[in-house]
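Written out below as structure tokens is the structure these notes cover.
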Amino acid sequence: MLDGLRARYLDVLRRVRRFERREMREFRRWIEHTANLIHLSVLLLIPPLIALVTAISNSLEVLPFVLFPPLASGTHTLFADPEGTYASPTKFVGGLTTGALCGTLAVWVGVNTMLRDPLGASQLSVSPVEAALAIFLTGGLTWALDFEEPSAFSTALLALIAPAFSSVQSVHAFFLQYVGSVFVASAIVAGAFHVWREQFYERRSRYLYQSTKGDDHVLVPMGSEGDRPTAMFAARLAAAHDAGKVVLLDVVDEAAVEEAERTMTVPADGTDTRLVDPALADDEDTETEEVQVADESAQRLEAEARRIETKVGVPCEVVVVGDGTDRSRTVLKTARETNCDLVVAPYEEQNGGLSPFVRGLFRSDLDAVAFRPTDESRERWKRVLVPVRRAGDTAHAMIEFARRVGGGSGRVSVCTCIDREDERRAAETTLANLVEAFEGSFETRVSRSSIESFLAANDAYYDLTIMGASTDRSAASRFVSPPTFERIHDLDCDVAIVHRG
């Protein structure tokens, strides 16, 4: 009975761990969306910042509570649009402080022109002249100093009623307290925002994007000499990381063994001539045809490995395995056994669609790329086009692959197509959020034409187009709108189709 309970406990524990891993993978993919990351940062960072400022206010009694609403509003503006017009720590501090200064100046004018009773009970009754003057001065000064900040107008107007909430009995002391408080509080927020943006947000591809941390051990199934461009493409991907390596794989199937049997010469005395390793020839159990095929395959792959190591400088390994019941399953099993996290395979079609081999790779939990070359002599890809449908981990992986292949001197263009002109601004923002997380220079393009027309009109300007396999979409979605690569067959550039596992 105890054994049964222990078995049930271990089974439940395994299920919980699988659930945790699945949820963590989903969370990582969710957080890769820049909009989700920003919303989560706003939710988690602004409350502690406001709490910090409140604690300082309570302990020092120098920060009037009326300051907090414009401070919270300005803080949200900073974090919600970290690359926007107002996302500048200097403008944030300068704008709020300038508004406070202009507001206190309006109060000083009001006091000295008898528009109000200084520090009296009528402080909550604001003079319209003071309000207009505060806004006028704030608008003019922030414009002149290039400190235009929406929250500056809030601090200017709050200065008109802030004396009613201050224990300071001197007008001049209040001016110093209010302006100084605004400067100190906004500086605390701006400092936190600067650290968050510089150390985390702009480096989010390094911390959050799985495509930038993995896919450096690449397995390449090699079937023929025509697969050499695929191997070179994989080598360029792996070479971008110091720990990168390429594993060249050949699967010896029954067809190759039968072909070897037919091509073996038979001498006049009727004995078979078989080119096998002499050390294995004495072994009666040796399947000499398979040994022959494996030896020839290994020699071919080793020659290709030497060529890649010489031209690219990335380490290469060679693996020859026997065919199983499913070629794609054999390749995926070998990838896991050789510690590879990316499979780059030649693109194959069957009956007008993907071959079962490529479909098998695209159904796996490993990252996979199907490479379709148009120029088998091409070994470098300096001009790369990346069409994206939406933001997400697949888009990030495609941009990362384009950056790796293009190298430091390459040019990467990221594009998307829209149906209506009113979608342009949102599309431009999406592309900007995608590329700004990566190092290097990028071009972004938004087109009103269909993706097929856009690629057909621009393929001659690029060496390579990297597009998604759409395996993250539902079957119904793919039926209504087939993946782009299934609708594009005659491009003048090489094509890489990316599947995220």
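Below are the figures for this structure:
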item	result
For a label point 7 Å along the Cα-to-beta-carbon line of D326, residues of the stretch 350-367 with backbone N under 16 Å	355-367
Relative packing of peptides 186-199, 439-452, 95-108 - highest average C-beta neighbours within 10 Å first	95-108, 186-199, 439-452
Local electrostatic count, A239, Cβ distance below 11 Å [Lys/Arg +1, Asp/Glu -1]	+1
Average projection area in nm² (convex hull over Cα atoms of the stretch 388-451, one quarter of hull surface)	4.1 nm²
Sorted by Cβ density within 10 Å, fewest first, the residues D250, D459	D459, D250
Where labels lie 7 Å past Cα in the beta-carbon direction, separation of R487 and A144 in nm	5.7 nm
Options L491, S450, T465, ranked by Cα towards positive dipole end of the stretch 380-501, top entry (Cβ charges)	T465
Gain in span if fully extended, E423 to W108, counting 0.36 nm per residue against the direct Cα distance	108.5 nm
Distance histogram in 5 Å bins (all Cα pairs of the stretch 380-501, percent per bin)	2, 11, 22, 25, 23, 13, 3, 1, 0
Förster radius 25 Å - calculated FRET efficiency between A243 and E296, Cβ distance, rounded to 0.05	0.20
In nm, spacing of pseudo-spin labels at V42 and R363 (7 Å Cα→C-beta vector)	4.2 nm
Per-pair calculated FRET efficiency, R0 = 41 Å: A456 and A87 via Cβ, rounded to 0.05	0.60
Fully extended contour minus Cα-Cα distance, from H76 to T310, at 0.36 nm per residue	78.9 nm
Contour minus Cα-Cα distance for K382 and E443 (0.36 nm per residue)	20.6 nm
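Values quoted throughout were computed directly from the atomic coordinates according to the rules given, and no laboratory measurement underlies them. For clarity, every value in this text was computed on a predicted model and none was experimentally measured. Ideal geometry is used to build each Cβ from the backbone, glycine not excepted, and the neighbour counts take in all protein chains shown.
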